[in-house]
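Visitor: Can you keep this structure in mind? I'll have questions shortly.
Computed from the coordinates by the stated procedures, all read-outs in this text should not be read as laboratory data. These numbers come from a predicted model, not from an experiment. Glycine gets a Cβ as well: all are built from the backbone with ideal geometry, and neighbour counts include every protein chain shown.
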Amino acid sequence: MLVMNNITKVFRTETVETHALKQFSLTVNEGDFVAVTGPSGSGKTTFLNIAGLLESFDDGEYTLDGRSVKNLNDKQLSQLRNEKIGFIFQSFNLIPDLNLFDNVDVPLRYRKLSKAERKERIEHSLDVVGLANRMRHLPSQLSGGQQQRVAIARALAGNPLFLLADEPTGNLDSKMADSVMSLLEEINQSGTTIVMVTHDLSQAERAHRHIQVLDGQVTEQKRGAPELATVNA
Amino acid sequence: MSQIGPIFRALMRNKVGALLIALQVAVTMTIIVNAIHLINARGDLMGRSSGLDEANQFYVTSVGYANDFDAPYVIDTDLGGIRQLPSVDDAVQINAIPMSNGGWSMGLQTKAGEGENSVPTALYMTDEHGLNTLDVELIAGENFKATEISYRDRNTRDWPQSVILTEALAKSLFPDLSPTEIVGQTVYIQSNEPLTIIGIMDHLQAPWTGWTTVNHSMLVPNKFDSPYSRYLVRAKPGQREQAIEQVEQFMKQREVGRMVRETETMTQVRMDSYRGDSALQAILWTIIVVLCIITALGIVGLVSFSINRRRRQIGTRRALGAQKADIMSYFLTENVMITSVGVILGIAGSIALNMWLVSSFNLPRLSYIYLPIAMIAMWTIGLFAVWGPALRAAQISPAIATRNV
């Protein structure tokens with residue numbers, strides 16, 4: 001489903017050349033729950049950005065749902081992000097001026113779905129995260145854990161190929177973090193693939209697979225559900 | 001893609017910046033609409049026909065200084081000579097130049113006696129060449145005869161018996177009669193002096209362009225016995241410059257104890273007469289342009305600030321699938337909505353300001369055609385101003401969504 005082969009990413013300034021990813025390879029299969037950990041500067045976020053089509057890469061091959069993304073233009077990448085990937089951000093990234101309904105509606109509007117279908121999807125996804133009764137509230141009226149649940153609902157509403165979570169519990173206390181992780185586990189058990197970048201090893205252990213990244217390369221992998229994933233690093 | 005609903009709801013929760021832009025648009029529109037209205041009103045004023053053949057006319061002034069200066073002799077021989085010049089169509093001595101803002105005015109009344117209502121009119125003294133030199137047409141009656149022309153000076157109190165009136169003046173005096181019926185009627189000058197209307201001319205402006213009865217003019221068959229004399233000359237079509245040269249040369253070579261001064265074309269007279277109006281138009285245009293620039297810069301500033309404040313939000317939208325065109329469309333739509341609020345306020349403001357100008361300064365009422373034009377202008381300025389910032393917003397990388405600052 002998600003196949004990265006020998007991905008290289010170099011950040012260049014006038015004086016410095018930083019190799020964020022070096023020959024990075026990873027395969028994620030359908031239904032998998034992969035946690036990616038590593039110290040700051042190891043290349044986790046660069047991996048996440050490339051996997052989420054937020055950033056380009058210099059070399060290698062990245063295939064998403066059987067389609068090479070290397071030569072896609074900005075419009076095609078936007079469409080692919082919208083249709084295939086659900087993002088969950090560390091800081092939730094909800095739009096503060098929009099209520100929960102409108103926040104979840106944001107990616108659906110870019111897909112040009114009918115109003116009725118959008119409404120059905122929004123209500124269903126907010127129901128899944130337990131916030132259907134607060135859809136007219138603003139993000140500022142919710143706790144951090146609830147805001148992250150809204151972000152998860154927003155990611156789920158588009159029925160993505162996989163969820164890409166960037167430190168989804170990074171801004172939450174342990175109780176809320178546990179609640180969000182439980183929700184992600186439930187979502188994964190219902191068949192949604194999840195790739196999660198995290199600092200928290202205890203959270204990473206709850207995933208099927210745990211990939212450790214150091215200096216832009218996969219250094220270790222632990223399997224929770226080996227039949228669902230393969231790693232080539 | 002319709003984003004109007006979420007944009008509207010977002011604006012409702014963050015009103016201050018939007019309201020500032022809307023108010024700026026409203027004030028700009030209010031001023032622009034009324035400024036353009038004033039410019040056009042002045043333009044209409046300046047574009048009025050004088051009734052003359054301005055492109056081919058000029059006047060020249062003669063001032064006698066010799067002790068034995070014989071004005072009637074000089075005037076008659078000057079005119080005789082000028083009319084013979086090859087580039088001259090006709091010429092006449094005249095006491096006042098149309099549009100020059102200097103001349104004579106009198107009151108005419110249809111009944112003799114003190115206290116009767118009188119109608120103001122400009123008075124031009126000309127001979128039988130007046131109609132042709134001025135290029136006015138008789139629509140009823142007849143021209144003066146050469147035998148009717150007499151000289152008068154500052155002490156003359158009597159008036160000649162016949163006059164030619166403009167149609168506007170004649171209609172003002174006899175509103176129920178046709179021009180043909182007005183010919184032969186008697187009017188009174190200085191309350192009791194009878195004048196017979198022998199002709200009605202189509203149109204001739206008074207010397208004062210700001211006069212409310214600027215189309216009220218009459219010709220009397222007089223020449224003015226004075227050392228100071230002005231000749232209005234009509235050149236043959238397209239030969240005005242040659243005519244000026246020939247007339248000045250002819251007059252200067254005559255040794256009759258006078259100086260030849262001040263030759264001015266009617267084109268210059270018109271420009272001088274409306275110089276204030278032209279200046280007002282230029283000032284108003286400057287105000288309009290400056291206001292538009294200030295409004296555009298205001299929008300650019302506020303939108304740029306708003307975009308900088310929402311960089312992560314824009315990156316998030318991009319990450320969630322917004323294309324660059326969607327981001328552009330978002331900010332352009334948002335601007336159109338804010339500008340529309342300003343435009344609605346601007347319509348009310350424009351009408352209110354015009355009502356105040358009408359009541360305070362007796363200006364003409366606003367033509368409502370300006371409002372849709374100004375609305376389109378405001379939307380165009382808004383879109384023009386927001387285009388650059390929106391384009392920059394569209395370039396924000398979706399990767400910014402994952403940065404935790």
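Visitor: Rounded to whole Å, give me the distance from the Cα center of region A:1-37 to that of region B:198-248.
Guide: If you average the Cα positions of each part, the centres end up 92 Å apart.
Visitor: Right, here's the next one. Which of the lysines could a cross-linker span from residue B:145 if the Cα-Cα distance has to be under 25 Å and same-chain partners fewer than 8 positions apart are dropped?
Guide: Correct list for residue B:145: B:171, B:223, B:236.
Visitor: Within region A:137-157, list the residues whose amide N lies under 11 Å from a label point set 7 Å along Cα→Cβ of residue A:173.
Guide: Flagged as within label range: A:144-145.
Visitor: I would also like to ask the following. Test of understanding: express the Cα radius of gyration of region B:66-256 as a ratio to 2.2 N^0.38 Å, with N the residue count.
Guide: Numbers: Rg = 17.1 Å, N = 191, 2.2 N^0.38 = 16.2 Å.
Against the empirical 2.2 N^0.38 Å value, I get 1.06 for region B:66-256.
Visitor: Contact order normalised by length for chain B, with contacts defined as Cα pairs under 8 Å and 6 or more residues apart; what percent is it?
Guide: 28 percent
Visitor: What is the set of long-range amide H partners of residue B:64 at a cut-off below 5 Å, with H atoms built 1.01 Å from backbone N?
Guide: Residues meeting the criterion, in which the H sits 1.01 Å from N, are B:228, B:229, B:259.
Visitor: Calculate the translational D of the protein assembly as shown in whole µm² s⁻¹ from Stokes-Einstein, where the hydrodynamic radius comes from the Kirkwood formula applied to all Cα pairs, the temperature is 10 °C and the viscosity 1.306 mPa s.
Guide: Reported coefficient: 50 µm²/s.
Visitor: While we're on this one: Mean-square fluctuation check for chain B, GNM, Cα pairs under 10 Å: which of B:16, B:136, B:233 is largest?
Guide: Maximum among the listed residues: B:16.
Visitor: A further question follows. Enumerate the whole-percent occupancy of each 10 Å bin, from 0 to the last occupied one, for all C-alpha pair distances of region B:213-316.
Guide: 10, 20, 21, 13, 10, 9, 8, 6, 3, 0
Visitor: If one puts a single equal scatterer on every Cα of region A:152-204 and applies the Debye formula without solvent, what log₁₀ I(q)/I(0) results at q = 0.15, 0.20 Å⁻¹?
Guide: After summing over all Cα pairs, the log10 values are -0.38, -0.68.
Visitor: Springs between alpha-carbon pairs under 10 angstrom, Gaussian network model over chain B: which of B:70, B:202, B:53 fluctuates most?
Guide: Per the Cα network of chain B with a 10 Å cutoff, B:70 tops the list.
Visitor: Let me ask something additional. For region B:86-132, compute Rg over Rh where Rg is the Cα radius of gyration and Rh is the Kirkwood radius from the inverse mean 1/r over Cα pairs.
Guide: 1.14
Visitor: Counting other C-beta atoms within 10 Å, and keeping those with at most 11, which DSSP coil trypsin sites (Lys or Arg not before Pro) do you find in region B:256-312?
Guide: Listed in order of number, the matching sites amount to none.
Visitor: Need one number: convex hull volume per residue for chain B, Cα atoms only, in Å³.
Guide: 205 Å³
Visitor: Continuing with this model, one more query. Need the list of lysines near residue B:15 for cross-linking: C-alpha distance under 26 angstrom, and skip anything on the same chain fewer than eight residues off.
Guide: In chain and number order, the partners are B:324.
Visitor: Shifting gears a bit: If you plug each phi of region B:315-331 into the Karplus form 6.51 cos²θ - 1.76 cosθ + 1.60 with θ = phi - 60°, what whole-Hz ³J(HN,Hα) values come out, in order, with x for Gly and Pro?
Guide: So the J values, rounded to whole Hz, are x, 4, 4, 5, 4, 7, x, 5, 7, 4, 5, 5, 5, 4, 4, 4, 6.
Visitor: Taking region B:244-336, which GluC sites (Glu not before Pro) meet the DSSP loop condition and have no more than 16 other C-beta atoms within 10 Å?
Guide: Numbers: sites: B:245, B:248, B:255, B:262, B:264, B:334; in loops: B:255.
Hits after loop and neighbour filter: B:255.
Visitor: Which whole-Hz ³J(HN,Hα) couplings does region B:207-214 yield from phi under the Karplus relation 6.51 cos²θ - 1.76 cosθ + 1.60, θ = phi - 60°, glycine and proline marked x?
Guide: x, 9, 5, x, 6, 5, 10, 5
Visitor: Comparing B:198, B:373, B:338, which has the greatest mean-square fluctuation in the GNM of chain B with Cα pairs linked when under 10 Å apart?
Guide: Looking only at B:198, B:373, B:338, the biggest GNM fluctuation is shown by B:373.
Visitor: Expressed in whole Å with the largest first, what are the equivalent ellipsoid semi-axes of chain A derived from the C-alpha gyration tensor as the square root of 5 times each eigenvalue?
Guide: Each semi-axis is √(5λ); the values are 29, 20, 17 Å.
Visitor: With each run of n ≥ 4 DSSP H residues scored as -39500 (n - 2.57), what mean residue ellipticity at 222 nm is computed for chain B after dividing by its residue count and rounding to the nearest 500 deg cm²/dmol?
Guide: So the calculated ellipticity at 222 nm is -16500 deg cm²/dmol.
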